[in-house]
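Could you have a look at this structure, given as structure tokens, before my questions?
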Amino acid sequence: MDMPGQNEGSQPFVDRPIAVSAAFEGSEDIAAARDLARSFLADLRARHGLTVSARAEGMVQLVVSELVTNARKYAPGPCLLSLEVNEGAVEVTVWDSEPCLPVAQAADPGRVGQHGLEIVVAVCRSFEMHREPVGKRITAAVVLADDAVGDEGGDEVCR
């Protein structure tokens, strides 16, 4: 009889990453990138039994939309989108061919537009940018499940 977490040869299962990726080449693909994120999150729930809060679902789609939009707007050629579960979060990674790293502008409530990077940084657990031999890679992690936190009275509330 095999023990849980082992296969027939009594070797522990090696967890493979839960991930999906796709290449996009046109502005019409921004909606397709959001659809890929939505499908990936549904798969996390249905096939892998992971908790994905409504907040996380919205934030992952927002981050995908902002990062793919920026790649399509500022970089020539295709962009690559990867979604991977890592330590209770979905890491959204976008590669594009433009080597210049984006810079978030100073907060200005009167400015119309160009708030995408500020928003992404604000809603993510982590945000990293790296130059690659060709282009750049941006990775933002969105926590999947909302944490219950205790208030001063000891009652738990959900964020």
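Being surrounded by 13 or more Cβ atoms within 10 Å (Cβ to Cβ), hydrophobic (A, V, I, L, M, F, W, C) and under 20 Å from Phe24 (Cα atoms) is the requirement here; does Ala104 meet it?
Numbers: surrounded by 13 or more Cβ atoms within 10 Å (Cβ to Cβ): yes; hydrophobic (A, V, I, L, M, F, W, C): yes; under 20 Å from Phe24 (Cα atoms): no.
So Ala104 fails the test.
Might you let me know whether the stretch 59-75 holds any residue that is touching a residue at least 12 places away in the same chain (Cβ under 8 Å), part of a loop (DSSP other than H, G, I, E, B) and more than 24 Å from Glu118 (Cβ to Cβ)?
no
Next question, about the same structure. Name the residues in the stretch 103-114 that are closer than 16 Å to Ser65 by Cα and either at pLDDT 90 or above or among the acidic types (Asp, Glu) (or both), would you?
In the first step, residues of the stretch 103-114 are kept if they are closer than 16 Å to Ser65 by Cα; the result is 113-114.
Within the stretch 103-114, none qualify.
Out of the stretch 132-159, which residues are in a loop (DSSP other than H, G, I, E, B), modelled with pLDDT under 95, among the small types (Gly, Ala, Ser) and under 22 Å from the mean Cα position of the chain (by Cα)?
Result: Ala145, single match.
Answer yes or no as to whether Ala56 is surrounded by fewer than 13 Cβ atoms within 10 Å (Cβ to Cβ) and of a type in the set (Gly, Ala, Ser).
No.
Going residue by residue through the stretch 43-52, is there one that turns out to be part of a loop (DSSP other than H, G, I, E, B), without any contact (Cβ under 8 Å) to a residue 12 or more places away in the chain, in contact with a helix residue (DSSP H, G or I) (Cβ under 8 Å, 6 or more places away or on another chain) and surrounded by fewer than 21 Cβ atoms within 10 Å (Cβ to Cβ)?
Here is the first cut: in the stretch 43-52, the ones part of a loop (DSSP other than H, G, I, E, B) are 47-52.
Now narrow it down to the ones that are without any contact (Cβ under 8 Å) to a residue 12 or more places away in the chain: 47, 49.
Among the residues that remain, those that are also in contact with a helix residue (DSSP H, G or I) (Cβ under 8 Å, 6 or more places away or on another chain) are: none.
Looking for residues that are part of a loop (DSSP other than H, G, I, E, B), without any contact (Cβ under 8 Å) to a residue 12 or more places away in the chain, in contact with a helix residue (DSSP H, G or I) (Cβ under 8 Å, 6 or more places away or on another chain) and surrounded by fewer than 21 Cβ atoms within 10 Å (Cβ to Cβ), one finds none in the stretch 43-52, hence no.
Another question, if that's okay. Among the residues that make up the stretch 138-149, is at least one of them touching a Cys at 6+ places or on another chain (Cβ under 6 Å) and more than 19 Å from Ser21 (Cα to Cα)?
Yes.
Any residue at all in the stretch 115-123 that is hydrophobic (A, V, I, L, M, F, W, C), modelled with pLDDT of 95 or more and either surrounded by fewer than 16 Cβ atoms within 10 Å (Cβ to Cβ) or at negative phi (or both)? Please lay out each step first, then the result.
First, the residues of the stretch 115-123 that are hydrophobic (A, V, I, L, M, F, W, C): 117, 119-123.
Subset that is modelled with pLDDT of 95 or more: none.
No - not one qualifying residue is present in the stretch 115-123.
Output the residues belonging to the stretch 92-131 that are within 18 Å of the chain's Cα centre (by Cα) and either among the aromatic types (Phe, Trp, Tyr) or part of a strand (DSSP E or B) (or both).
Val92, Thr93, Val94, Trp95, Asp96, Ser126, Phe127, Glu128, Met129, His130
So that you can scan it fast, the table gives a plain yes or no per residue for (1) of a type in the set (A, V, I, L, M); (2) modelled with pLDDT of 95 or more; (3) farther than 12 Å from Leu83 by Cα:
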{"position": "Asp15", "(1), (2), (3)": "no, no, yes"}
{"position": "Glu28", "(1), (2), (3)": "no, no, yes"}
{"position": "Ala31", "(1), (2), (3)": "yes, no, yes"}
{"position": "Arg38", "(1), (2), (3)": "no, yes, no"}
{"position": "Leu41", "(1), (2), (3)": "yes, yes, no"}
{"position": "Arg47", "(1), (2), (3)": "no, no, yes"}
{"position": "Gly58", "(1), (2), (3)": "no, yes, yes"}
{"position": "Val63", "(1), (2), (3)": "yes, yes, no"}
{"position": "Asn70", "(1), (2), (3)": "no, no, yes"}
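Yes/no matrix, rows are residues, columns are (1) under 19 Å from Pro17 (Cβ atoms); (2) free of Cβ contacts under 8 Å to residues at least 24 places away in the same chain; (3) basic (Lys, Arg):
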position: Arg34; (1), (2), (3): no, no, yes
position: Thr93; (1), (2), (3): yes, no, no
position: Val121; (1), (2), (3): no, yes, no
position: Met129; (1), (2), (3): no, no, no
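The values are calculated or read from the model by the stated rules, or taken from the named source; none is laboratory data. Keep in mind that this is a model prediction, so the values were computed, not measured. When we count neighbours, we look across all protein chains shown, and the Cβ atoms used for this are built from the backbone with ideal geometry, even at glycine.
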